[in-house]
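Enquirer: Below you'll find the structure I mean.
The values are calculated or read from the model by the stated rules, or taken from the named source; none is laboratory data. Since we're looking at a predicted model, the values are computed, not measured. Neighbour counts are summed over all protein chains in view; Cβ atoms, including those assigned to glycine, are modelled from backbone coordinates with ideal geometry. We work out accessible area using only protein heavy atoms, side chains counted, and drop any ligands, DNA or RNA first. Shrake-Rupley method; radii C 1.70, N 1.55, O 1.52, S 1.80 Å.
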Amino acid sequence: MSLKHSYTLIAPFYDAAIARATLAARQRSLSALPAPPGRVLLAGVGTGLDLPHLPPQHHYVGLDLNLTMLRRALPRAGAVDFLPLQGDAQRLPFADDSFDSAVLHLILAVVPEPAHCFAEVARVLKPGGRLLVFDKFLRRGQPAVLRRLANPLLRRIATRLDVVFEDLLPAEPGLILEDDQPALAGGWFRLIRLGKR
């Protein structure tokens, strides 16, 4: 089963499963968006759980592979300047240096190739731009036996449990780690802020 198909099936239940649990972390992450108006990429916008918490001065492009998810996102946009776009976060349909900021909320652990997604977002981010990440990550060398055992099945249906953020960062030397804080589940979920040189 492809992720596109599985998320079509999951879409009606997705919000109930994660909306309340992730609300505070989403709000904390999005509060780090810069104040000056700019163009912001929401890569893997999903059902739009971030949309009600976005500062209104920016122009947002919300990309998702799944059309069912995008349709559920639209009513959440409200008065926010929001353009939904169907596409693959691992192959972004944008030119280099297209966005002032980018948001990766719960997407790096979903895509089959998180390194490709991370590299693509780095590519389309302008120098001086900001990248906000909220996701679940293993620490380098962390045993996490149950997560690793469950990963082969869960990664086919919904999410990966084996992504190590510290393995992604060295491949993108233009991105500078500015902040890294635990968010949920004893630090399994993290809020990460990066800047682009």
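Enquirer: Rounded to the nearest 0.05, what FRET efficiency do L169 and A32 have when you use their Cβ-Cβ distance and R0 = 22 Å?
Expert: 0.80
Enquirer: Also, quick follow-up: Tell me the net charge near V80. Cut-off is 15 Å between Cβ atoms, V80 excluded, with +1 for each Lys or Arg and -1 for each Asp or Glu.
Expert: On the way: positive: R26, R39, R76; negative: D50, D81.
Result for the local shell: +1.
Enquirer: May I ask you to give the percent of accessible area on the range 16-99 that is carbon plus sulfur, with a probe radius of 1.4 Å? Could the numbers behind the result be given before it?
Expert: On the way: 2250 of 3880 Å².
Reported share for carbon and sulfur atoms: 58 percent.
Enquirer: Excluding P127 itself, what net charge comes from residues whose Cβ is under 9 Å from its Cβ, given Lys and Arg +1 and Asp and Glu -1? Working shown, then result.
Expert: Values: positive: K126, K196, R197; negative: D97.
Counting the neighbours of P127, the net charge comes to +2.
Enquirer: So what is the accessible area of the range 29-127 per residue, in Å², with the probe set to 1.4 Å?
Expert: Normalised by residue count, the accessible surface of the range 29-127 is 38 Å².
Enquirer: To continue, here is another question. Considering Cα pairs under 8 angstrom that are at least six residues apart, work out the relative contact order of the range 10-139 and quote it in whole percent. Don't skip to the answer; put the middle values down first.
Expert: Working: 243 pairs, mean separation 32.3, N = 130.
Answer for the range 10-139 is 25 percent.
Enquirer: Excluding Q90 itself, what net charge comes from residues whose Cβ is under 9 Å from its Cβ, given Lys and Arg +1 and Asp and Glu -1?
Expert: Numbers: positive: R91; negative: D88, E113, E120.
Taking every other residue near Q90 into account, the sum is -2.
Enquirer: Could I have the simple spin-label model distance between R123 and L83, label points 7 Å from Cα toward Cβ, reported in nm to one decimal?
Expert: Result: 1.9 nm between the two label points.
Enquirer: If you don't mind, there's one more thing I want to ask. Once you place label points 7 Å from the Cα toward the Cβ at I176 and I18, how far apart are they in nm?
Expert: For I176 paired with I18, the spin-label model returns 3.1 nm.
Enquirer: Calculate the dipole size of the range 5-108 relative to its Cα centre from +1 charges on Lys and Arg beta carbons and -1 charges on Asp and Glu beta carbons; express the result in debye to the nearest 20.
Expert: Dipole of the range 5-108, to the nearest 20 debye: 360 debye.
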